[in-house]
Amino acid sequence: GAARRRALSEAQAAGLGEDVCDRLAIVVTEAATNALRHGRNGEILIERPANNPARIRVLALDDGPGIPDVHSALQDGFSTADDNERGIGGGLGAMRRLSDRFDIYSDSHGTTVSLELRAEAGTMDEPGRIEVDGLIVAKPGFEDAGDAFALRHEAGGTLIMLVDVLGHGPVAAREARKAVAAFNAATEASLDETRL
């Protein structure tokens, strides 16, 4: 319930419509239920992308035993819970259907579900473009992290940069931002010269 309320608060603050809020309430409830039933140390992260406020992203993480067969788990009626805890078995399938973008990764160390809902349901990204999501978490006790990532689409493909500055805190974060700024300012020609 807490995850659903927070997600709806973020969606409403972003001015997203009733349809998005209704779909969001269901997918967040399903994600939280799955984390409670099947995972350990579950967490739901909600983001309103600054560069596109007409979207809301949800990342559901857990440290559970994982899903042995993700393909089967996405089918309606499938459940790994025992008879006492079995739900309707439509959680992951419903999450995928109600999302405008859905991805899942699961192994023996846990499951990650990444999804996105958009103000205009069913809108698609430009074909052939790579989608990249990143999660930067500061070390406990610090507000800033020295990690960063960036991407740039070019005629010949997509460049992705990952930065891990030694150290933590505001100085490391500032250096990571400098690296991102340099990457964003670079042109294909300057990168080709650097490779030589």
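The values are calculated or read from the model by the stated rules, or taken from the named source; none is laboratory data. Because the structure is predicted, anything quoted here is derived from the model rather than measured. Counting neighbours? That spans all protein chains shown, and the Cβs are built from the backbone with ideal geometry, glycine included. Ligands, DNA and RNA are excluded from the accessible area calculation, which covers all protein heavy atoms including side chains. Shrake-Rupley method; radii C 1.70, N 1.55, O 1.52, S 1.80 Å.
A few points about this structure:
- Residue satisfying all of: in segment 3-60; in contact (Cβ under 8 Å) with a residue 24 or more places away in the chain, assigned to a helix (DSSP H, G or I) and small (Gly, Ala, Ser); most open to solvent (accessible area, probe 1.4 Å) among these: ALA13
- Within segment 108-117, the residues that satisfy the criterion of being of a type outside the set (Ser, Thr, Tyr) and open to solvent by less than 40 Å² (accessible area, probe 1.4 Å) are GLY110, VAL113, LEU115, GLU116, LEU117.
- Among the residues making up segment 148-178, those that are under 23 Å from the mean Cα position of the chain (by Cα) and either of a type in the set (D, E, K, R) or in a helix (DSSP H, G or I) (or both) are ARG152, ASP164, ALA173, ALA176, ARG177.
- Residues of segment 53-94 that turn out to be charged (D, E, K, R) and either modelled with pLDDT of 80 or more or under 15 Å from LEU115 (Cβ atoms) (or both), as a count: 5
- When residues of segment 157-187 are limited to those that are open to solvent by 60 Å² or more (accessible area, probe 1.4 Å) and within 29 Å of PHE102 (Cβ to Cβ), the one modelled with the lowest pLDDT: ASN184
- Matching residues, segment 142-156, being under 19 Å from ALA186 (Cα atoms), among the aliphatic types (A, V, I, L, M) and open to solvent by less than 40 Å² (accessible area, probe 1.4 Å): ALA148, ALA150
- Residue in segment 96-107 that is in a helix (DSSP H, G or I), surrounded by 16 or more Cβ atoms within 10 Å (Cβ to Cβ) and at pLDDT 90 or above present: yes
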